[in-house]
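A short write-up of the structure that comes next.
The values are calculated or read from the model by the stated rules, or taken from the named source; none is laboratory data. In this text, all values refer to a predicted model and were calculated from it rather than measured experimentally. Counting neighbours? That spans all protein chains shown, and the Cβs are built from the backbone with ideal geometry, glycine included.
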Amino acid sequence: MSDDKPYVLTPNAPIAKKWERPLKEVATLPPYEASAEEKERHRIYSLMLFALMKRFFNGNKNGGRGQYPWREGQLDDDKARYRGGDYLGHNIGALAVDGRGEVIDFDFNHNQLFSSSAEHAEARLIRRVFSLTQIYDSWQTRGPDDPPRAFGYSTVLSNVTVYTSLESCAQCSGIMALGQVGKVVYLQRDPGTYHIGNIMWNLTAREVGGGEAAQIKATAPRPIPGSDIGFDYFDELNEKYAAYFKAVKKKPFHIGDKRKDLSSALTSFLCCDDTLDIYSRAQAEFFKLVKKGAKFPKYRPDKRALTNADALASAQRFFDYAADVGRRGTPHNM
Ligand SMILES: [Zn+2]
């Protein structure tokens, strides 16, 4: 087969239409259009996720006695060790919210715990959600009087939104596409993902229905950057990482002590004081919002869904569970 055409059976397949287009067009998305009410709803879950990032923060990438020039603020009082304990994985977390607005569960990156580079938060989370949806549970994925499921019913997560602290890689975008997750809101860019989430969405998106009722449907989740929902920490994290990358690259190459973390890797940036400060401020903002209440308390995306006021209460209940007994993503069982 010649490579000058995509492997498709229909000429109007989305990938066929994009085949001759420049990469830039395939790798970028128009801004996600949402009302102020819907944006607030996404910010509620985004802030709760960052509150969890603060709660489970651990910067000891090279062990508790490693040297971290960008973590001076995290030294113990005796200046001998860094706070944080054992490093289980990178400071990357994700949570899944069902169509009604109930938080289903969360998970963290556990690369270190499993000595693997593939134990990513979103991939772990999606596998968890699938195992949870096989049972009757309190997260409204299935009611006690619902008729028996047809085969395949629980293999689709199109009403689920995933919130992730970092833009998803090819593995995680892949597993979310297999689960047909509807949306993925990411709260920091990751240049190492090569825009794969956008590319997958663009290559699977097609218009369904016609005229006024026309809708765009895609097999891959719709990536939504934090900047599209008014989440200010998104730009701040991206700018701080760019500055960190530059500063680390300028340092002379360091030979010798392998414990000294002079890496320009994003995962090293995620351990430093600047990042912890951002998560801390977001956590404080989440607690303040819980006290003050939502600005659009009555909004709900459809009549079966929770209002923003109830979504905030649900997010707060989930945080209380997760912060106390959830560790870095044990199965939600409250
Ligand atoms: Zn990933």
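General remarks:
- Candidates are the residues of region 108-154 that are among the charged types (D, E, K, R) and within 16 Å of the ligand (Cβ to nearest atom); the one that is modelled with the lowest pLDDT is Arg128.
- Number of the condition not met by Tyr68 [criteria: (1) more than 16 Å from the ligand (Cβ to nearest atom); (2) surrounded by 24 or more Cβ atoms within 10 Å (Cβ to Cβ)]: (2)
Condition check ((1) at pLDDT 95 or above; (2) within 30 Å of Ala27 (Cβ to Cβ); (3) in a loop (DSSP other than H, G, I, E, B)) across all residues:
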| site | (1), (2), (3) |
| --- | --- |
| Phe234 | yes, yes, no |
| Ala242 | yes, yes, no |
| Ala247 | no, yes, no |
| Ile255 | no, no, yes |
| Ala284 | yes, no, no |
| Phe287 | yes, no, no |
| Arg304 | no, no, yes |
| Gln316 | yes, no, no |
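- The residue that is nearest to the ligand (Cβ to nearest atom), among those in region 183-192 that are outside any strand (DSSP E or B) and within 13 Å of the chain's Cα centre (by Cα), is Asp190.
- Hits in region 155-178 (condition: in a loop (DSSP other than H, G, I, E, B), away from the ligand (no atom under 13 Å from the Cβ) and at pLDDT 90 or above): Val160
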